[in-house]
1. Scan the stretch 224-244 and give yes if some residue there is of a type outside the set (Gly, Ala, Ser), within 16 Å of residue 284 (Cβ to Cβ) and under 14 Å from the mean Cα position of the chain (by Cα), otherwise no.
2. Which of the residues that make up the stretch 55-74 are touching a helix residue (DSSP H, G or I) at 6+ places or on another chain (Cβ under 8 Å), of a type in the set (A, V, I, L, M, F, W, C) and in contact (Cβ under 8 Å) with a residue 60 or more places away in the chain?
3. Please enumerate the residues belonging to the stretch 139-163 that are among the hydroxyl-bearing types (Ser, Thr, Tyr), touching a Cys at 6+ places or on another chain (Cβ under 8 Å) and without any contact (Cβ under 8 Å) to a residue 60 or more places away in the chain.
4. What pairs come up if the first residue lies in the stretch 205-231 and is under 19 Å from residue 260 (Cα atoms), the second is at pLDDT below 95 and not aromatic (Phe, Trp, Tyr), and their beta carbons are under 6 Å apart, counting only those six or more places apart or on different chains?
5. Go through 80, 94 for me and flag whichever is over 17 Å from the mean Cα position of the chain (by Cα), hydrophobic (A, V, I, L, M, F, W, C) and away from the ligand (no atom under 16 Å from the Cβ).
6. Output the number of the condition that residue 218 fails; it satisfies all remaining conditions of (1) surrounded by fewer than 24 Cβ atoms within 10 Å (Cβ to Cβ); (2) more than 25 Å from residue 248 (Cα to Cα).
7. Could you name every one of the helices (runs of 4 or more DSSP H) located completely within the stretch 1-119 that has at least 2 residues being under 21 Å from residue 189 (Cα atoms)?
8. Condition test on residue 47, is it surrounded by 15 or more Cβ atoms within 10 Å (Cβ to Cβ) and among the basic types (Lys, Arg)?
Amino acid sequence: MRQLSYERADDPAQAVAALAEAGDAAYLAGGTNLVDHLRLGITAPQRLVDISHLDLADVEDLPDGGLRVGAMVRNSDLAAHPRVRPDYPVLSRALLSGASGQLRNAASTGGNLLQRTRCVYFQDPTTPCNKREPGSGCSAVGGWTRYHAILGASPSCIATHPSDMAVALAALDATVVVLGPGGERRIPVTELHRLPGDEPHRDTVLEHADLITAVELPAPSPGARSTYRKVRDRASFAFALVSVAVVLEVDDDGDVPMVREARIALGGVAHKPWRARRAEELLRGREASLAAFREAVDAELEQADPVSGNEFKVPMARGAVLAVLAELTGLPDDGVEADGDATDTDHAGGTTEEAIDE
Ligand code: SF4
């Protein structure tokens, strides 16, 4: 039996100090990912610092109209929050598409961001894995790659980030508030997670003892439309093969609708939520038409570099993005999904209301 010490923190500064003084320690929040890893032998910290009782469970209005979400707000509570549902539907839908009701009741906002890849080799300590054991090799290369990356991967690691919530936060341009031994700092959520490069054991830019204390959402733009769509192997309790979060602003005043702003993030395709910057750039100022959407998504996916066994994700991502853009602009999407072979697309568990009732 392995020994580990347990300490319950009463405030964020105490938690950071407790972790900083221990060389090999981890924060324990909802425990929905870490406890599995302790059982599987994927990680073996000598100390656990329990942050689940910290006073970080509030959702507060910000003076500029945005929202501050405490790191210990549970996923279920955030999805059902009376401001999140109407003002940030992309976030509510993404949360409700993740895991199961039981897990969402336990999982925290901060922990959701920091959950680790579900690469089957990472979760099997008997196999080589550069993320679990740097320098040991990557068992996924040449292995089972259905859930692996098509964008931004490296020869060292082709894992994907599993969070749905993080994809929505990327499309929302959220900011992560972090308390570390040197004080508080803010990190755009799009810069929190890393691409693997030759250091795949580092999932994020956080340093030892850094504690996520909150996530801040910018004020919703008037008229902005947003949604989240997830393509997966079964209707619930499954990670994304591909997911898409879109926040779209369209001017409907002229003869033809014009895209004023587009923010698109993809999940299930990269080591981090993938902002489709090329597609966004091509869409801004363009007519909101299927032709423009196709041109934009094709330009984005030119960068895709699938491995044997996950080539299907490229047309699947194309179809999912096109379907969401068509949905948000009211364009007929006949054939859009068939274009991308995304006919199994699940609409993130139905409507938000339906999913809350599950
Ligand atoms: Fe490990 Fe990454 Fe390779 Fe999976 S893809 S086995 S996480 S190095």
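The values are calculated or read from the model by the stated rules, or taken from the named source; none is laboratory data. Note that the coordinates shown come from a computational prediction; the quantities given were computed from them, not determined experimentally. Note that we place each Cβ from the backbone using ideal geometry, even for glycine, and neighbour counts take in every protein chain shown.
1. no
2. Across the stretch 55-74, the qualifying residues are 56, 67, 69, 71.
3. 139, 156
4. Nothing qualifies.
5. Sole residue among the options that is over 17 Å from the mean Cα position of the chain (by Cα), hydrophobic (A, V, I, L, M, F, W, C) and away from the ligand (no atom under 16 Å from the Cβ): 80.
6. Condition (2) is where residue 218 drops out.
7. Qualifying helices (runs of 4 or more DSSP H): 12-21, 75-80, 84-87, 89-97, 109-114.
8. When the stated conditions are applied, residue 47 passes them.
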